[in-house]
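Q: One structure, pasted below without further comment.
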Amino acid sequence: TPAERDRCLPFADREIALLPDVEAIVALGGFAWDAALRLLAAAGAEVPRPRPRFGHGAEVRIGGRTLLGCFHPSQQNTFTGRLTEPMLDAVLHRARGTLTEP
């Protein structure tokens, strides 16, 4: 629910602050996508206008980080085939592909 998402925002904000070198963020669902955009904007990153829309496989570069969208791995999405294991794997492989090597 929106209330649950909003209660989690401070925790996600602290986690992002503790991980300043994070290069990729995978948003599991539209709520997570929206929360990530809000947190990145609050941290001073310039979020494109119009705001990037969530979708499975959506990708946007914001403030030195890549935000990737993935359908949430809920039972509803996995049991109906809206999200399959290969689809999830593809997003995670793409996230890894955005990283710079040390």
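Q: Go through Leu18, Leu28 and list them by solvent-accessible area, largest first, probe radius 1.4 Å. Intermediate results must be reported in sequence, preceding the final value.
A: Values: Leu18 140, Leu28 70 Å².
Result, largest first: Leu18, Leu28.
Q: Hey, any idea what the orientation-averaged projected area of the convex hull of the range 1-41's Cα atoms comes to, in nm²?
A: That works out to 2.8 nm², a quarter of the Cα hull's surface.
Q: Would you mind telling me the share, in percent, of accessible area of the range 15-87 contributed by carbon and sulfur at probe 1.4 angstrom? All intermediate terms of the calculation are to be shown ahead of the outcome.
A: Details: 2430 of 4430 Å².
Carbon-and-sulfur percentage of accessible area, whole number: 55.
Q: With +1 on the Cβ of every Lys and Arg and -1 on the Cβ of every Asp and Glu, and nothing else charged, how large is the dipole of the chain about its Cα centre, in debye rounded to the nearest 20?
A: Dipole size: approximately 320 debye.
Q: Check Ala58: other-chain or 5+ apart residues with amide H under 5 Å from its amide H, H built from backbone geometry?
A: Sorted by chain and number, the residues that satisfy this are Gly69.
Q: Nearest-5 percent of antiparallel DSSP beta bridges in the chain?
A: 45
Q: On full extension of the chain, what length is gained from Leu18 through Glu59, given 0.36 nm per residue of separation minus the C-alpha to C-alpha distance?
A: 12.5 nm
Q: Could you pull out the GluC sites (Glu not before Pro) across the chain that fall in loop regions by DSSP (anything but H, G, I, E, B) with no more than 14 other Cβ atoms inside 10 Å?
A: Those satisfying the criteria are Glu23, Glu46.
Q: To continue, here is another question. So what is the accessible area of the chain per residue, in Å², with the probe set to 1.4 Å? Working shown, then result.
A: Values: 6790 Å² over 102 residues.
Per-residue value: 67 Å².
Q: Which trypsin sites (Lys or Arg not before Pro) in the range 12-102 sit in a loop by DSSP (not H, G, I, E or B) and have at most 11 other Cβ atoms within 10 Å of their own Cβ?
A: Numbers: sites: Arg14, Arg38, Arg53, Arg61, Arg65, Arg82, Arg94, Arg96; in loops: Arg53, Arg82.
Answer in residue order: Arg53.
The values are calculated or read from the model by the stated rules, or taken from the named source; none is laboratory data. What you see is a predicted model; the values in this text were computed from it and never measured. Glycine gets a Cβ as well: all are built from the backbone with ideal geometry, and neighbour counts include every protein chain shown. Please note that ligands, DNA and RNA were not included when accessible areas were found on the heavy atoms of the full protein model with its side chains. Shrake-Rupley method; radii C 1.70, N 1.55, O 1.52, S 1.80 Å.
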